[in-house]
Amino acid sequence: MADRVTVIGWDGSPLTAAARSALGAATLVAGAAHHLALPEVPAAAERIRLGSVTLAARRIAGHRGTAVVLADGDPGFFGVVRTLRAPEFGLEVEVVPAVSSVAAAFARAGMPWDDAQVVVAHRRTLRRAVNVCRAHTKVAVLTSPGAGPAELGLLLEGVHRTFVICEELGTAREQVTILTSDKAADHTWRDPNVVIVIGGFVAAAEGGGWIAGRDPGTGPRGWALPAEAYGGALGEGETDLLRAAQLARLGPRVGDLVWDIGSGSGAFATEAARTGAAVIAVDRNPGSCARTEDSARRFGVQMQIVHGAAPHILEDLPEPDVVRVGGGGAAVVSAVADRRPQRIVTHAATRDAAELIGRDLTEHGYQVECALIQSVELDTRAWTEKERSVAFLLSGRLPDRAP
């Protein structure tokens, strides 16, 4: 096992005295090519080109001597420190930090970033990173080869965002480019880079926040708010108890893409967006689209609103994680099931309609649940019935997909 392991963050600035001292004593140095080319790296030290951090950690664990790992930015922020400290390697790690690449990128842009989301985009996480960019007004994306500015721009089709692309921060080739997301695919970008993604409706705010990233306490307290919160009467499938049950069945979360088909007043779409998920609201009625947009603005949430009739309008939409079908019946539910989201919820007014939808979901491989939901609103002044609603709530879950 290495006698000592020092992780040095590098942001392009001259190395500190502590970093130079650690490097001078190193018998093994791991890092990217531009790190290993630094003049402070001892000529006699063994050098490891840092590709897989796990493989490098195994080499370091088997090394007898003093090891140094060089990494860009702050190595404790989405960096190598987490892997090196894994129990299987048994390494004791000292860290000499530097300015993180995210902090440097926002500094180059002259923007505060305590209210920003920070995500890592790899090939396997790219779609979820894009969904965060859909759902939030300020996101920093730590990119990787194959999951860079061009890929982000392509997957954000239909959503207008501005990109601040910071290439090779801290080096002589550093470059900052500002353009709209639809132009990002027209260029070739150098790694490593950080992309700041900004845009969308921004609700008015006073002063600074109190928690980094998205404030989970914004908006009114509670879910499945009454009709008055959405400007008046709601549709037959939008009662507060039905919406609450639909949200509970779908469980939208950060990184998800939610489709709300037949958005009506926008009540369900707005509440799904309040969870931090990305939302695409679809409705064939222009008035409903306008109400949905108004609801989103009132609550300060982001969503894409698509005017068109399902199921045909769904063909060009990006892949969903969970879907609420508020209108269109069995034909729309079947078209949604063809896209294989993890979960689907819908409702039916009659048992026959519920059985038809349930059979179709079962044929698509979904595990189906159905509940009859009846709610009666009472006037508490006289404890008399004001309004009654009854609906069959259907939900489908793919057993071979994550919950």
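Residues that are over 22 Å from Arg274 (Cα atoms) and buried (at least 21 other Cβ atoms within 10 Å of the Cβ): does the range 171-183 have at least one?
Taking every residue of the range 171-183 in turn, at least one turns out to be over 22 Å from Arg274 (Cα atoms) and buried (at least 21 other Cβ atoms within 10 Å of the Cβ).
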request  = From the list Thr137, Thr143, pick out the single residue that is surrounded by 15 or more Cβ atoms within 10 Å (Cβ to Cβ), within 21 Å of Pro320 (Cα to Cα) and of a type in the set (S, T, N, Q).
outcome  = Thr137
task = Give me a count of the residues in the range 309-353 that are within 16 Å of Ala272 (Cβ to Cβ) and open to solvent by less than 10 Å² (accessible area, probe 1.4 Å).
result = 11
ask   = Pairs, please: C-beta under 7 Å, at least 6 apart or cross-chain, first residue at positive phi and in the range 1-20, second surrounded by 22 or more Cβ atoms within 10 Å (Cβ to Cβ)?
value = Gly12/Leu169
request  = Could you please let me know if Val99 is of a type in the set (A, V, I, L, M, F, W, C) and touching a strand residue (DSSP E or B) at 6+ places or on another chain (Cβ under 7 Å)?
outcome  = no
remark   = A careful count of residues in the range 354-400 that are open to solvent by less than 50 Å² (accessible area, probe 1.4 Å) and in contact with a helix residue (DSSP H, G or I) (Cβ under 7 Å, 6 or more places away or on another chain) gives 13
Near pairs, Cβ below 6 angstrom, 6+ apart or cross-chain, from the range 145-167 (basic (Lys, Arg)) to any residue that is surrounded by fewer than 20 Cβ atoms within 10 Å (Cβ to Cβ) and not in a strand (DSSP E or B) = Arg161/Gly199
request  = Would you be able to say whether some residue in the range 204-226 is more than 18 Å from the chain's Cα centre (by Cα), within 30 Å of Ile178 (Cβ to Cβ) and aromatic (Phe, Trp, Tyr)?
outcome  = yes
Residue count, the range 219-250 (criterion: polar (S, T, N, Q) and in contact with a helix residue (DSSP H, G or I) (Cβ under 8 Å, 6 or more places away or on another chain)) = 1
task = Test each condition in (1) touching a residue at least 40 places away in the same chain (Cβ under 8 Å); (2) open to solvent by 10 Å² or more (accessible area, probe 1.4 Å); (3) assigned to a loop (DSSP other than H, G, I, E, B); (4) not basic (Lys, Arg) for Ile305 and report the one that comes out false.
result = (3)
remark   = When the range 6-16 is checked residue by residue, the ones that are modelled with pLDDT under 95 and aliphatic (A, V, I, L, M) are Leu15
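The values are calculated or read from the model by the stated rules, or taken from the named source; none is laboratory data. These numbers were taken from a predicted model, which means no experiment stands behind them. Positions of Cβ are backbone-derived with ideal geometry, glycine not excepted, and every protein chain shown enters the neighbour counts. In case anyone asks, the SASA skips ligands and DNA or RNA and just uses the protein heavy atoms, side chains included. Shrake-Rupley method; radii C 1.70, N 1.55, O 1.52, S 1.80 Å.
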